[in-house]
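Beneath this line is the structure, given in C-alpha cells, with notes to follow.
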Amino acid sequence: MSYNRRDFLKSASVLGSGLLLSSIGSKLLANSAATTPFGLQLYTLRDVLPKNVKGTLAMVSQFGYKQIEGYEGAQGIFWGMKNTELKSYLDSLGLTMVSTHTNINKDFEQKADEAAAIGMKYLICPYLGAQKNLDEYKKAADNFNKCGDICKQRGMRFAYHNHDYTFKPTEGQLPQDILLQSTNPETVDFEMDMYWVVNGGHDPMAWMKKYPNRFKLCHVKDRGEVPAGSNKFESVDLGKGNIDYKMITQEVKKLGMEYFIVEQEAYAGTTPLEAAKADAAYMKKLSI
C-alpha cells in the first residue's frame, strides 16, 4: 500500500505524535539491526599483537570492530590463553571470534573441539600453495572435505582462503573451479580474499555469481599502486585502492556472503594500528 503526503498528514494527526515517534523509532532500530557487523583479521596486526595481546584486542574493539578472525602464531590460535579465557576477555570487549586461520594438518580435531566449545563458526585453511597439477588440487579438496566433516560433527564449518595462484590456469583449468566443484557444499565454504582475486586478474562478483552461497566469508582488502606510477601493487588502506567495495559489499550479500573481515598486509606511510583504525572508519561508512 502507498500513501501520498496528504494521507500521511491525516494519519499522523489521528494517531498522535507519540505513536508517530514510536513508528520512526522502530524504523531506526530496524535499519540499525540490518547493518552487518564487520571484523578484523588479526594478521593485520601481526607486528603488534604478540607483544601485547590483550591491549591490542582492546584497541581493536575501540576502533569499532565487532568480530575478529584469528591466525595461528607461535602461541597457538588462542594466543597463549585457554580458549575459554580468551572468549571471556573478548566478551568483555564486545568482540566475537568468528573464525581462525590454522594449520589444518596438525591437531585439527583438537582445535575443532576447542573452537566449537567457545562458539566459533569456522576453521579456515589460510594457504595451500600452487600445486604442480590438478590431481594435487583434487587431493587437497578431499582433505578439505575431511576437515569439513570434522567441523560439522561439532556444529562448525570449514573454509578455504584463496590467494591468486588458484586463479591462474593449471593444465588448462582454473584450480579455484576444481576446489569449488570437488568439495561438499554442505560442509565446506570458501573465504574470498578479494585482493587476491583481483590480483589474479579476475572479478570477485563474477565468481560469486558463478558459485552463489559458496563464498560465506571475505577479506575486505584494498589494492593500490605503491608508489604511484610503479605498476607495483600492494595492500593499502580501504578506499585508497582500486577495488569498488561500495558496490561489491552490497551485491555479494545477495549471493550468500555473511562475514566481512578487514585485512591489510602492507602499511606504506602508516602503521598497522593506524591502518586498522582507518579501515574501521571506512567500513562504518559502507553500512553493510
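Whether any residue in the range 91-111 is of a type in the set (D, E, K, R) and in contact (Cβ under 8 Å) with a residue 24 or more places away in the chain is what I want to check. Yes, the range 91-111 has at least one match. If only residues of the range 135-159 that are in contact with a strand residue (DSSP E or B) (Cβ under 6 Å, 6 or more places away or on another chain) and among the hydrophobic types (A, V, I, L, M, F, W, C) are counted, the one that is surrounded by the fewest Cβ atoms within 10 Å (Cβ to Cβ) is Phe144. Mind listing whichever residues of the range 157-172 are touching a Pro at 6+ places or on another chain (Cβ under 6 Å) and more than 10 Å from Met192 (Cα to Cα)? Correct list: Thr166 only. Across the range 91-114, the qualifying residues are those that are among the small types (Gly, Ala, Ser) and touching a helix residue (DSSP H, G or I) at 6+ places or on another chain (Cβ under 7 Å), and the one among them that is nearest to Leu174 (Cα to Cα) is Ala112. For the range 265-285, residues that are within 14 Å of Phe38 (Cα to Cα) and either surrounded by fewer than 15 Cβ atoms within 10 Å (Cβ to Cβ) or not acidic (Asp, Glu) (or both) total 9. Just checking, does the range 230-248 include any residue being in contact with a Phe, Trp or Tyr (Cβ under 6 Å, 6 or more places away or on another chain) and β-branched (Val, Ile, Thr)? For the range 230-248, residues in contact with a Phe, Trp or Tyr (Cβ under 6 Å, 6 or more places away or on another chain) and β-branched (Val, Ile, Thr): absent. Which is farther than 15 Å from Glu265 by Cα and touching a Phe, Trp or Tyr at 6+ places or on another chain (Cβ under 6 Å), of Phe167, Phe190? Phe190 is the lone residue from the list that is farther than 15 Å from Glu265 by Cα and touching a Phe, Trp or Tyr at 6+ places or on another chain (Cβ under 6 Å). The set of residues in the range 89-129 that are polar (S, T, N, Q) and either under 13 Å from Gly76 (Cβ atoms) or not assigned by TED's automatic domain parsing to the domain that holds Ile77 (or both) comprises Thr100, Thr102, Asn103, Gln110. Selection over the range 130-182 of residues that are of a type in the set (Asp, Glu) and under 21 Å from Thr100 (Cβ atoms) gives a count of 1. Of the listed requirements (1) farther than 20 Å from Phe260 by Cβ; (2) in contact with a Ser or Thr (Cβ under 7 Å, 6 or more places away or on another chain), Lys168 misses just one: (2). Inspect the range 258-280 for any residue being basic (Lys, Arg) and assigned to a loop (DSSP other than H, G, I, E, B) and give the result as yes or no. No, the range 258-280 has no match at all. Looking across Gly155, Gly241, one residue alone is of a type in the set (Gly, Ala, Ser) and out of contact with any helix residue (DSSP H, G or I) (no Cβ under 8 Å at 6 or more places or on another chain). It is Gly241. Can you confirm whether the range 241-264 contains a residue that is assigned by TED's automatic domain parsing to the domain that holds Met156, in contact with an Asp or Glu (Cβ under 6 Å, 6 or more places away or on another chain) and surrounded by fewer than 19 Cβ atoms within 10 Å (Cβ to Cβ)? No; the residues of the range 241-264 include none that is assigned by TED's automatic domain parsing to the domain that holds Met156, in contact with an Asp or Glu (Cβ under 6 Å, 6 or more places away or on another chain) and surrounded by fewer than 19 Cβ atoms within 10 Å (Cβ to Cβ).
The values are calculated or read from the model by the stated rules, or taken from the named source; none is laboratory data. Owing to the predicted nature of the structure, the values given are computational and were not obtained by experimental measurement. Positions of Cβ are generated from backbone atoms using ideal geometry, with glycine treated the same way; all protein chains shown enter the neighbour counts.
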